[in-house]
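Have a look at the structure below before the remarks.
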Amino acid sequence: MLSLEVRSMKRKSTNTVITSSHFLLLRTILSSATVLAGLKRSTCGFHTLIKRHHRCGIGAFRTNVMMSQADVIEFVDIGANLLDPMYQGTYRNKERHAPDLHMVLDRALQNNSSTGTSTVVSKIMVTAGTLQESEQAIELIQSEHLQKKFSGRLFSTVGVHPTRCSQDFGDGDWDTKLQALADLARRGKLEGTVVAMGELGLDYARTEFCPVDVQKRGFIAQLNIALQIGLPLFLHNRDTGTDLLDILKEHYFSKDTENNFILGGVVHSFDDTLELARKFIDLGLYIGINGCSLKKPENLAVVKEIPLNRLMLETDCPWCDIRATHAGHGHIQTKFPTKTEKKYVEGSCVKGRYEPCHIIQVAEVIAGIKGIPVRDVAQASAENAKKLFRMH
């Protein structure tokens with residue numbers, strides 16, 4: 001059964017008025033044997049018809065007719081912190097609602113956005129920042145209740161975040177802990193779950209959590225694991241000048257031997273200069289863009305110049321939501337029903353808690369900056385991610 005819902009369409013501050021003549025036209029459309037026969041053969045004619053009358057000012061239509069594959073915009077989210085307590089209903093150590101990760105993933109699977117665009121996040125990379133989180137990410141993805149519905153869609157990283165190297169490695173036996181990390185990465189890769197080493201790198205903005213020398217030691221050690229096992233890199237770089245770039249050149253890209261696998265990687269959540277971005281790109285690396293990459297006008301100027309064949313999309317959820325104060329916010333077209341954590345409603349997103357479904361907003365900002373269709377941004381990013389991380 002075909003169901004239609006007519007709603008007024010907002011154009012800036014003016015609402016389109018649905019008149020009786022419009023309803024007469026609708027009735028004529030729905031009763032037309034020719035149109036109905038066409039709908040049975042294909043939904044494409046229906047969408048063309050809707051678009052034609054949409055331009056005539058009839059209003060917006062929504063339909064539960066299954067859209068063809070060509071109508072769906074596919075995304076790959078290369079960075080999602082799905083282990084965060086927010087997805088278990090806990091915010092700042094306070095329980096607000098029941099765990100809803102399964103609903104978060106359902107929303108990513110496919111949603112019809114407020115713009116009428118059907119989207120699907122076909123692949124999601126669950127990011128880890130410690131050895132324990134790496135284990136938990138693999139367990140989550142391999143859990144029976146997720147495998148039934150999301151098999152082949154969820155993948156993970158294995159690695160230690162630069163700010164947590166002291167926590168994980170400390171003054172103890174580095175060799176033992178690094179071996180445990182390598183064993184986990186190797187097993188996860190063989191099982192088809194682990195697709196990247198990370199989140200690894202350097203962070204000079206938060207050295208109170210881990211001194212620079214410990215960060216560098218942990219970074220280089222993990223680069224060696226990635227080379228030996230054959231995993232691409234999911235890199236963190238914050239306020240380091242060219243230090244991360246220089247270490248990559250010396251300890252990764254120069255190690256081209258028959259026993260090493262140099263697969264490249266992505267510098268995620270990039271918010272640095274265009275000059276540095278181009279240096280990373282010259283090494284063959286990709287640039288990961290999320291809401292934190294789109295805060296300031298100078299950020300937008302950098303993103304505008306990053307070629308699509310070197311760009312990847314991520315949410316870094318639940319963080320890095322695009323806020324009204326951010327420079328890129330004006331390009332957002334897609335909105336989601338949202339409630340605060342205290343007024344949580346099942347089926348709605350939570351204010352300030354990003355999800356994989358929000359990746360379309362990141363794409364909309366990039367598309368707006370570059371003056372190109374959202375579909376082009378999504379397609380290029382998805383192809384880049386599948387190629388680098390071998391997600392098929």
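The values are calculated or read from the model by the stated rules, or taken from the named source; none is laboratory data. Computed from a prediction, not measured in an experiment: that's the story for all the values here. Neighbour counts are summed over all protein chains in view; Cβ atoms, including those assigned to glycine, are modelled from backbone coordinates with ideal geometry. Ligands, DNA and RNA are stripped out before the accessible areas are found, and what is left, the full protein with its side chains, is counted by its heavy atoms. Shrake-Rupley method; radii C 1.70, N 1.55, O 1.52, S 1.80 Å.
Neighbours of Gly328, meaning other residues whose beta-carbon lies under 13 angstrom from its beta-carbon, give a summed charge of +1 when Lys and Arg score +1 and Asp and Glu score -1. For region 113-190, the share of accessible area belonging to carbon and sulfur comes to 45 percent (1.4 Å probe, ligands and nucleic acids excluded). Accessible area per residue (1.4 Å probe, heavy atoms of protein chains only) ranks Asp175, Asp183 as Asp175, Asp183, with the largest value leading. Couplings 3J(HN,Hα) of region 238-243, computed from phi: 9, 6, 10, x, 10, 4 Hz, in residue order, whole Hz [Karplus 6.51 cos²θ - 1.76 cosθ + 1.60, θ = phi - 60°; x for Gly and Pro].
Taken per residue, the accessible surface of region 266-392 reaches 42 Å², heavy atoms only and a 1.4 Å probe.
What the phi angles of region 345-355 give under the Karplus curve with 6.51, -1.76 and 1.60, with θ = phi - 60°, is a coupling list of 10, 4, x, 9, 6, 10, 4, x, 10, 6, 9 Hz, glycine and proline written as x.
Dipole check for region 65-183: with +1 at the C-beta of Lys and Arg, -1 at the C-beta of Asp and Glu, and the Cα centre as origin, the magnitude is about 500 Debye. In the context of the full protein assembly, Arg375 retains an accessible surface of approximately 90 Å², using a probe radius of 1.4 Å and ignoring ligands and nucleic acids. Rolling a 1.4 angstrom probe over region 261-357 with all protein chains present gives an accessible area of which 51% lies on carbon and sulfur atoms.
If the segment from Thr340 to Asp282 were pulled out straight at 0.36 nm per residue, it would be longer than the present Cα-Cα gap by 16.6 nm.
3J(HN,Hα) along region 227-236: 5, 6, 8, x, 10, x, 9, 10, 9, 10 Hz, from the Karplus curve 6.51 cos²θ - 1.76 cosθ + 1.60 with θ = phi - 60°, whole Hz, x for Gly and Pro.
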